[in-house]
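Undergrad: Questions regarding the structure given below will be posed in turn.
Coordinate-derived values only; no laboratory data. Just so we're clear, the structure is a prediction, and the values are computed from it rather than from any experiment. Counting neighbours? That spans all protein chains shown, and the Cβs are built from the backbone with ideal geometry, glycine included.
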Amino acid sequence: MSDTTEPKQFVVSDRNLALELVRVTEAAALASSHWTGRGKKNDADGAAVEAMRVAFDTVAIDGTVVIGEGEMDEAPMLYIGEKVGAGGPAMDIAVDPLEGTNLCAKDMPNAITVVALAEKGNFLHAPDVYMDKIVVGPNLPDGVVDLESSIENNLRNLARAKGKDIADIVLCTLDRERHEELIAKTREAGARVRLLSDGDVAAAIAACMDNSQVDIYAGSGGAPEGVLAAAAVRCVEGQMQGRLLFEDDAQRDRAQKMNPGKDPDRKLGLHDMAAGSVLFSATGVTSGTLLRGIRRLPTHAVTHSLVMRSKSGTVRFIEGHHNFGTKTWTPK
C-alpha cells in the first residue's frame, strides 16, 4: 500500500528566529571590536555594517530594511528599502550596526550592535530627524509619565508609583546643550541625572531593567534609534512615548510621505512605533550598563548579548565563545 501521507511543513518559529538574530548582532560586534579604541569610528561602523549584512544572508526571512544606514544613494549596505534574508516570512527590519561609533572608537562604555524585527508594516518609518522620547520600565500604572507633562510632574508620579523618594530616582539623558533645561529641572526636583555622551538605545532599555539603576530615560535623540528602543521596550512591557521633531517643512513633508495618512506631529505611543510581534537583539561591543563588551583572547572572543521576544516577554542574556580557528570570518 502506498504511503499517501502529506509531508509535514516546517515553519521557522520566531523562537528560532530570535536566536538567529543573536548571530547577526554578534557578527557585527565582533567585526567592529577590531577598531575599539583606535579612534577610527568610520572604520568601526563600516566593519559592523558589512558583517551584519553578510550575516543576514543566513536568516530565514524575506526582510526589508525600514530603519537602516540611510537612503540607497547614501549607504552601500543596509539602506532603507534593501531586501535581506534567505527567504521566509515577510518582516520589517530595524538596524543600528554600531550604536555609539564614537564610544567604540574611544573605548568608552555602551557601544552596542542592534537589530529588531517586526511583521511587515509594524515599524514606524522614521526619517533621520530627532525624536523627543520618554521611557520607563514595566509593572507601573499606565500613563505614569507623559511626554506632554512637565518633567517635575513625571518624576513625582514615577517616584510615587515606585515607592521611592524622589531623591532616589535616576534620570538618564544624553549630555547635550539642548537638554540643559531638562537636566536643571530634574535636579531642582531633587532627582539624580546620569549623563551619556552617546547611545540612547542602550539607555532606553536600561530604564526598563531592574539592575541598571536607571528609572527613566528622557530627552531627544535620533528617531531611528527611537524605533529600535520602542521594539525593546515592547518586549519587556515598559512604557514609551515619542514625538518627531522637525527643523523645517521639508523634514515634515518627508515624514508625512513615509507614513501616509498620519499626522507627523502627533504624540507617538509605543505601538505606533513598534506594533505586532517584535524580536530584538543587541550585542555589547564595549562594556556598559546593559551588556559586557567583547573580550578578545589569543584563540577566541567572548560576546555578551541580549535577545527578547514581545510574544513571550522572555529576556535572555547569552554569552558566546567564538573560536578563531573555526569561525567563517577571519579576525584582523
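Undergrad: So what J values fall out for segment 205-215 if you push phi through Karplus, 6.51 cos²θ - 1.76 cosθ + 1.60 with θ = phi - 60°, rounded to Hz, Gly and Pro as x?
TA: 5, 4, 5, 9, 9, 4, 8, 8, 6, 10, 9
Undergrad: Given Ala275, His322, Cys235, which one lies farthest toward the positive end of the charge dipole of the chain, if we put +1 on the Cβ of every Lys and Arg and -1 on the Cβ of every Asp and Glu?
TA: Working it through, the farthest residue towards the positive pole turns out to be His322.
Undergrad: All other residues with a Cβ under 9 Å from the Cβ of Asp200 taken together, and with Lys, Arg as +1 and Asp, Glu as -1, what is their net charge?
TA: Within the 9 Å Cβ shell, the charges total -2.
Undergrad: What is the projected area of the convex hull of the Cα atoms of segment 130-273, averaged over all directions, in nm²?
TA: 8.2
Undergrad: Can you give the relative contact order of segment 230-309 as a percent, counting alpha carbon pairs under 8 Å and 6+ residues apart?
TA: Over segment 230-309, the number comes to 30 percent.
Undergrad: Same structure again: Residue-wise, which Karplus ³J(HN,Hα) couplings in Hz belong to segment 280-296, taking 6.51 cos²θ - 1.76 cosθ + 1.60, θ = phi - 60°, and x for glycine or proline?
TA: Per-residue couplings from phi come out as 9, 9, 9, 10, x, 9, 10, 5, x, 6, 9, 9, 7, x, 6, 9, 9 Hz.
Undergrad: Could you give the spread of the C-alpha atoms of segment 272-319 along their three principal axes, from largest to smallest, in whole angstroms?
TA: The Cα atoms of segment 272-319 stretch 44, 17, 14 Å along the principal axes, largest first.
Undergrad: Per residue and in cubic angstrom, what volume does the convex hull of the Cα atoms of segment 192-332 have?
TA: Spread over its residues, the Cα hull of segment 192-332 gives 168 Å³ apiece.
Undergrad: Okay, next question. Which of the peptides 160-166, 266-272 is most tightly packed, and how do the rest follow, judged by the mean count of other Cβ atoms within 10 Å per residue?
TA: Ranked by mean Cβ neighbours within 10 Å, highest first: 266-272, 160-166.
Undergrad: In segment 227-295, if every C-alpha pair distance is counted and binned at 5 Å from zero, what percent goes to each bin?
TA: Histogramming segment 227-295 at 5 Å steps yields 3, 14, 19, 17, 15, 14, 9, 6, 2, 0 percent.
Undergrad: Turning to a different aspect of this structure: Could you tally up the Lys pairs in segment 130-273 with alpha carbons closer than 29 Å? Skip any pair fewer than 8 positions apart unless they're on separate chains.
TA: Counting lysine pairs in segment 130-273 gives 12.
Undergrad: In addition: When the Karplus curve 6.51 cos²θ - 1.76 cosθ + 1.60 is applied with θ = phi - 60°, which whole-Hz ³J(HN,Hα) does each residue of segment 255-269 get, with x for Gly and Pro?
TA: With coefficients 6.51, -1.76 and 1.60, one gets 4, 5, 5, 6, 9, x, x, 10, 6, x, 9, 5, 6, 9, x Hz.
Undergrad: How big is segment 191-268 along each principal axis, measuring the range of its Cα positions in Å and listing the largest first?
TA: That works out to 41, 25, 19 Å along the principal axes.
Undergrad: Mind checking the dipole of the chain: about its Cα centre, +1 per Lys or Arg Cβ, -1 per Asp or Glu Cβ, Debye to the nearest 20?
TA: With only Lys, Arg, Asp and Glu charged at Cβ, the dipole is about 1020 debye.
Undergrad: May I pose another question? Show that you can apply the helix-only estimate: for the chain, add -39,500 (n - 2.57) for every DSSP H stretch of four or more residues, divide by all residues, and state [θ] at 222 nm to the nearest 500.
TA: -9000 deg cm²/dmol
Undergrad: Taking the Cα centre of segment 130-273 as origin, sum charge times position over the Cβ atoms of Lys and Arg (+1) and Asp and Glu (-1), and report the length of that vector in debye to the nearest 20.
TA: Roughly 280 debye for segment 130-273.
Undergrad: Under the definition of Cα pairs under 8 Å and six or more residues apart, what whole-number percent is the relative contact order of the chain?
TA: In percent, rounded to a whole number, it is 20.
Undergrad: Explain nothing, just the number: relative contact order of segment 130-273, from Cα pairs under 8 Å at least 6 residues apart, as a whole percent.
TA: 33
Undergrad: Evaluate the chain: find the radius of gyration of its Cα atoms, find its Kirkwood radius, and give the ratio Rg to Rh.
TA: The Rg/Rh ratio comes out at 0.99.
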